[in-house]
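To keep things clear, I will list the structure first and then write my remarks on it.
The values are calculated or read from the model by the stated rules, or taken from the named source; none is laboratory data. Since we're looking at a predicted model, the values are computed, not measured. Every residue, glycine among them, receives a Cβ derived from its backbone with ideal geometry; neighbour counts consider all protein chains shown. All accessible areas refer to the heavy atoms of the entire protein, side chains included, with ligands and DNA or RNA removed. Shrake-Rupley method; radii C 1.70, N 1.55, O 1.52, S 1.80 Å.
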Amino acid sequence: MYPAEFEYFSPRTVDEALELLTRYGDDAKILAGGQSLLPMMKLRIASPRYLIDVNRIDTLTGLRRAGDRLVMGALCRHTDVAASPLVREHLPIMLDAANLTADVQVRNRGTVAGSLAHADPAGDWPAALMALDTAVTIAGPDGTRTTPLDEFIVDAYTTQLGASEMVTEVSVLIPQPPCGGAYVKFEKRAGDFAVASVGVQIALDGAHCRSVTVSLGALGVTPMRARAAEELLQGKKEPLDLLDEAARLVRETAQPFDDTRGSVAYKRHLAGVLFRRAFAAAMDRARGRTVDTLHP
């Protein structure tokens with residue numbers, strides 16, 4: 001099937017893109033990587049009358065360090081993250097997510113910001129970045145604002161973005177060592193959306209867990225934090241004997257639904273299994289042990 005007819009724009013600045021969004025409102029869509037939008041247009045699930053291609057806006061490209069944060073422009077591709085030495089050294093959980101996202105073609109064109117703006121409940125980036133201190137910068141006709149990721153995503157495929165707004169940056173706090181993170185998912189076939197996914201980020205203080213965050217993906221209408229499991233493990237020394245209880249709390253936090261990928265009971269079981277795998281890899285990385293990137 002072919003998309004419905006639309007008018008195409010290619011602005012060179014954020015201000016130009018915002019002017020177009022303000023002019024056309026809900027009838028317009030931003031095109032960055034297009035890996036979610038274009039298939040939806042071909043199926044006529046989405047039929048924007050105006051397409052605003054931001055790929056020529058140079059200020060939206062790249063990935064850089066700004067103080068204690070990693071900043072990704074709205075055009076930062078999955079492959080940009082995977083190729084970053086900064087990510088490889090400090091944020092292996094993001095490397096996992098980049099390598100687990102779809103296939104090579106999608107990773108070469110798709111963007112991190114676009115994935116967050118799409119807010120697919122089974123998307124890898126929303127789930128993985130929920131385990132980190134992640135903020136989304138939004139530009140609109142009234143200026144810019146920055147919001148935490150867990151507030152930015154409000155429902156399935158729904159975010160705080162207004163009709164005249166666009167994401168310009170995504171930033172992540174760079175964890176202080178010793179620390180480690182991991183993101184794992186279960187999929188029915190390579191490159192598919194997750195049946196369930198879990199991210200774990202750990203910071204150590206000697207033998208104690210200084211902090212632990214656990215995020216869940218494809219286990220509810222939005223990615224979520226398993227806060228009860230986090231509280232159980234927080235500050236504990238050698239918490240391996242608590243993992244059974246933590247996995248139980250993760251399963252209880254999950255809010256999956258029956259679909260073609262599995263039943264509620266099956267997905268809850270997966271949540272516990274994936275948590276244990278992610279926790280083990282994150283702990284090994286925090287202790288300086290080499291763990292291969294978790295990809296199919």
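Residues in region 175-183 carry Karplus couplings, in order, of x, 8, x, x, 7, x, x, 7, 10 Hz; the curve used is 6.51 cos²θ - 1.76 cosθ + 1.60 with θ = phi - 60°, and Gly or Pro positions show x. Dividing the mean sequence gap of close Cα pairs (under 8 Å, 6+ apart) by how many residues the chain holds gives a relative contact order of 16 percent.
Compared with the dominant principal axis of the Cα atoms in the chain, helix 243-253 is inclined by about 30°. Per-residue 3J(HN,Hα) values for region 87-96, derived from phi via the Karplus relation 6.51 cos²θ - 1.76 cosθ + 1.60 with θ = phi - 60°, read 5, 4, 7, 10, 9, x, 4, 6, 5, 4 Hz in sequence order (x marks Gly and Pro). Neighbours of VAL106, meaning other residues whose beta-carbon lies under 14 angstrom from its beta-carbon, give a summed charge of -3 when Lys and Arg score +1 and Asp and Glu score -1. Centre-to-centre, using Cα atoms only, region 245-296 and region 84-121 are separated by 19 Å.
Springs between alpha-carbon atoms under 10 Å, Gaussian network over the chain: tell me which of PRO85, PRO148, PRO11 tops the mean-square fluctuations. The residue that fluctuates most here is PRO85.
Measure nothing but the geometry: give the 0 to 90° angle between the long axis through the Cα atoms of 14-24 and the longest principal axis through the Cα atoms of the chain, rounded to 10°. Roughly 70 degrees between the two axes. I'd like the distance separating the alpha-carbon centroids of region 127-193 and region 51-72, in whole Å. After rounding, the separation between the Cα centres reads 14 Å.
Solvent-accessible area per residue in region 1-58 equals 62 Å², computed with a 1.4 angstrom probe and all protein chains kept.
Modelled label positions at ARG287 and GLN105, each set 7 Å beyond Cα in the direction of Cβ, lie 4.3 nm from each other.
Once you have a ≥ b ≥ c as the square roots of the Cα gyration tensor eigenvalues for region 142-194, tell me rounded if a/c is under 1.5, and otherwise prolate or oblate according to whether a/b is larger than b/c. Could you put the intermediate results ahead of the total?
Numbers: a/c = 2.91, a/b = 1.29, b/c = 2.26.
Oblate.
Averaged over residues, the count of other Cβ atoms within 10 Å places the peptides 57-68, 215-226 in the sequence 215-226, 57-68, highest first.
Across region 141-296, C-alpha contacts under 8 Å between residues 6 or more apart give a mean separation that, scaled by the residue count, equals a relative contact order of 24 percent. Paramagnetic label reach from ASP155 (point 7 Å along Cα→Cβ; backbone nitrogen cut-off under 18 Å): within region 126-140, no residues.
Mean residue ellipticity, 222 nm, helices only, the chain: the sum of -39500 (n - 2.57) across DSSP H runs of n ≥ 4, divided by residue count and rounded to 500, is -9500 deg cm²/dmol.
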